Amino acid sequence: MVKRKKSAASSGPPAQNDRRFRHILVPTDLTERTAKALQLATRLASSDRARITLLHVIETIDGVQFDELKPFYERMERKARITMTALTPRAAEGAVRAEGAVVYGRRAEEIVTYATANGVDLIVLASHRVNPSMVNRDWGTISYKVGILAQCPVLLVK
């Protein structure tokens with residue numbers, strides 16, 4: 001007798017080799033550009049077992065001690081959390097758990113570090129269109145750096 005695998009439509013717990021995305025990271029600059037990335041992330045999430053994390057990185061100023069600008073950074077964080085609170089219901093509409101996180105540092109590096117430390121299996125990132133005649137200008141963008149450095153798949157939304 002030959003054992004057959006359950007079809008994808010069968011019920012029950014997901015198989016070990018289930019490749020659906022369970023934790024999707026959507027970095028945000030707190031602008032409307034994030035909306036497209038968040039919408040796509042919500043569609044890619046695997047129902048109630050998935051979660052989406054909106055991540056905002058507050059860029060720190062080199063050469064200045066964090067404590068010297070702590071009130072400034074705290075105001076920035078409060079504003080970021082308010083904006084992300086308004087964005088997260090968009091993901092929740094798709095029956096997906098959504099949360100927000102704020103970290104400090106260099107944007108690309110912090111996105112990659114967060115993804116690695118938190119078991120992210122996909123990063124969905126808003127990106128601008130590249131002008132073919134000025135392609136060298138775009139090598140230093142956040143999306144390019146994240147795409148190169150991330151250990152998980154990165155999906156750029158334009």
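Go through region 75-126 and name the trypsin sites (Lys or Arg not before Pro) that are in a DSSP coil and have 16 or fewer other Cβ atoms within 10 Å of their Cβ.
In loop regions of region 75-126 (DSSP not H, G, I, E or B), the sparsely surrounded trypsin sites (Lys or Arg not before Pro) are R106.
Could you give the length gained on full extension between K79 and F66, defined as 0.36 nm per residue of separation minus the Cα-Cα distance, in nm?
2.9 nm
Would you mind ranking V64, V124 so that the residue whose beta carbon has the fewest other beta carbons within 10 Å leads the list?
Ranked by crowding around the Cβ, least crowded first: V64, V124.
Taking the number of other C-beta atoms within 10 Å as the exposure measure, put F72, F21 in order starting with the fewest.
Going from sparsest to densest Cβ surroundings: F72, F21.
Between D121 and L149, what is 0.36 nm times their sequence separation minus the Cα-Cα distance? Round to one decimal in nm.
Extra length from D121 to L149 when fully extended: 8.7 nm.
Treat the count of other C-beta atoms within 10 Å as a stand-in for reagent exposure and order D67, D121 from fewest to most.
In order of increasing Cβ crowding within 10 Å: D67, D121.
Any read-out appearing in this document is the output of simple, stated calculations on the displayed coordinates, not a laboratory observation. Remember, predicted model here, so these are calculated numbers, not experimental data. Glycine also receives a Cβ, built like all others from the backbone with ideal geometry; neighbour counts cover every protein chain displayed.
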